[in-house]
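Working notes, structure below.
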Amino acid sequence: NAGVTQTPKFQVLKTGQSMTLQCAQDMNHEYMSWYRQDPGMGLRLIHYSVGAGITDQGEVPNGYNVSRSTTEDFPLRLLSAAPSQTSVYFCASSLWTGGRAFFGQGTRLTVV
Amino acid sequence: AQKITQTQPGMFVQEKEAVTLDCTYDTSDPSYGLFWYKQPSSGEMIFLIYQGSYDQQNATEGRYSLNFQKARKSANLVISASQLGDSAMYFCAMRGLTTGSARQLTFGSGTQLTVLP
């Protein structure tokens, strides 16, 4: 009963490097999203998807790309890492767009 | 647009006492859902309770209850009989349920609760 699985849990990147944060869910949820959590600011939506092949921007999309080729997977790509992207990233999924969100364990990313 | 406001950055409560964490919201959606999540120091997001704007009764889940006052646009979390394990960050969140609404989950900035022995 895996739920939402995020990898890696920790990552250190150098400025300018690119990487992909992985997110997979096994609950057949339509809605998936990525958030970043910064101190004192709660969670802010980066990108979301309402189903395979459909993605849209959230509140803070700059510097990130997403794709949704399958229902299960929703990877987040950092194109050229910047220190401002140092944060904790959460992937979440829900059965329908109004439902309770299930969260992954989070990825702590540091860009130096 | 949706907005969640949590005005208490930090709260202290004595073990076994009840505590109320405040949450006010603003939305143009006629139908919406309100959520509370707990984030302990380990970092995971734990779902606590859900209230639909159309629900007539306040939601309850064990020691958690949601004091929903629609006219005041408030959705306060009440934790009864606090335990040391309740020490954590608590987030209020909401999402619109109306067809065509953005449907994104919007979070407040959180309240850090510390339970004292």
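What follows draws every value from the coordinates through simple rules; no lab data is involved. Computed from a predicted structure; not experimentally measured. Methodologically, a virtual Cβ is constructed for each residue, glycine included, from the backbone with ideal geometry; neighbour enumeration extends over all protein chains shown.
Within a straight-line Cα-Cα reach of under 24 Å, residue B:73 can be paired with the following lysines, leaving aside sequence neighbours fewer than 8 residues apart in one chain: B:3, B:38. For chain B, modelled as a GNM whose springs connect Cα atoms under 10 angstrom apart, the maximal fluctuation among B:105, B:66, B:34 occurs at B:105.
Could you compute the net charge surrounding residue A:24? Neighbours are other residues with a C-beta less than 9 Å from the C-beta of residue A:24; K and R count +1, D and E count -1. Local net charge: -3.
Here is the list for the range A:25-112: chymotrypsin sites (Phe, Trp or Tyr not before Pro) lying in DSSP coil, each with at most 13 other C-beta atoms within 10 angstrom of its C-beta, are A:96. The range B:7-85 and the range A:22-61 have Cα centres lying 23 Å from one another.
Within the straight-line cut-off of under 20 Å between alpha carbons, the aspartates and glutamates reachable from residue B:70 are B:22, B:26, B:29, B:55, B:61, sequence neighbours fewer than 8 places apart in one chain being disregarded. By its C-alpha gyration tensor, with a ≥ b ≥ c as the square roots of the eigenvalues, how is the range B:5-117 shaped: rounded for a/c under 1.5, else prolate for a/b larger than b/c, else oblate? It is prolate, given that a/c is not under 1.5 and a/b is the larger ratio.
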